1. Of all residues in the stretch 68-77, which are open to solvent by 60 Å² or more (accessible area, probe 1.4 Å) and in contact (Cβ under 8 Å) with a residue 12 or more places away in the chain?
2. Which residue out of ARG38, ARG54 is surrounded by 15 or more Cβ atoms within 10 Å (Cβ to Cβ) and either of a type in the set (Lys, Arg) or at positive phi (or both)?
3. Residue under question is GLU64, and the condition is that it be outside any loop (DSSP other than H, G, I, E, B), of a type in the set (Asp, Glu), open to solvent by 40 Å² or more (accessible area, probe 1.4 Å) and at pLDDT below 95; does it hold?
4. List pairs: first in the stretch 27-46 and more than 22 Å from ILE7 (Cα to Cα) and of a type in the set (Asp, Glu), second open to solvent by less than 70 Å² (accessible area, probe 1.4 Å) and modelled with pLDDT under 95, Cβ under 8 Å, 6+ apart or cross-chain?
5. Assuming GLY30 fulfils every condition listed in (1) open to solvent by less than 40 Å² (accessible area, probe 1.4 Å); (2) modelled with pLDDT under 95; (3) assigned to a helix (DSSP H, G or I); (4) of a type outside the set (Val, Ile, Thr) apart from one, which condition is it?
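The values are calculated or read from the model by the stated rules, or taken from the named source; none is laboratory data. A quick note: this is a predicted structure, and the numbers were derived from the prediction, not measured. For neighbour counting, all protein chains shown are included, and Cβ atoms are generated from backbone atoms with ideal geometry for every residue, glycine included. What goes into the accessible areas is simple: the full protein's heavy atoms, side chains included, and nothing from ligands, DNA or RNA. Shrake-Rupley method; radii C 1.70, N 1.55, O 1.52, S 1.80 Å.
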Amino acid sequence: MEAEQEIQARIAEVEAEQHRLRIRSVEVHGLDAEERARLKALEVELDQLWDQIRRFRAGASDAEELRPAREVEGYLQ
């Protein structure tokens, strides 16, 4: 259970940083290249973390590790 709580805490951190960047993009009429790259990286990390939570809850043996971005980003919704 502790691992899932740690993942959920990281999800909350990532979502908070995403929110700050999105607010900043509105307030200053856009983000610079570094901020846009950071926002994209956060989106990928969030997808990885949610995938990890789903695998953890399913009892997958590999749930302790994040899957590579290329694998997680290729999922169909």
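1. Narrowing the stretch 68-77 to residues open to solvent by 60 Å² or more (accessible area, probe 1.4 Å): 70-71, 73, 75-77.
Matches in the stretch 68-77: GLU73, TYR75.
2. Answer to the selection: ARG38.
3. Details: outside any loop (DSSP other than H, G, I, E, B): no; of a type in the set (Asp, Glu): yes; open to solvent by 40 Å² or more (accessible area, probe 1.4 Å): yes; at pLDDT below 95: yes.
For GLU64, the condition - outside any loop (DSSP other than H, G, I, E, B), of a type in the set (Asp, Glu), open to solvent by 40 Å² or more (accessible area, probe 1.4 Å) and at pLDDT below 95 - is not met.
4. GLU35/SER25
5. GLY30 satisfies all of (1) open to solvent by less than 40 Å² (accessible area, probe 1.4 Å); (2) modelled with pLDDT under 95; (3) assigned to a helix (DSSP H, G or I); (4) of a type outside the set (Val, Ile, Thr) except (3).
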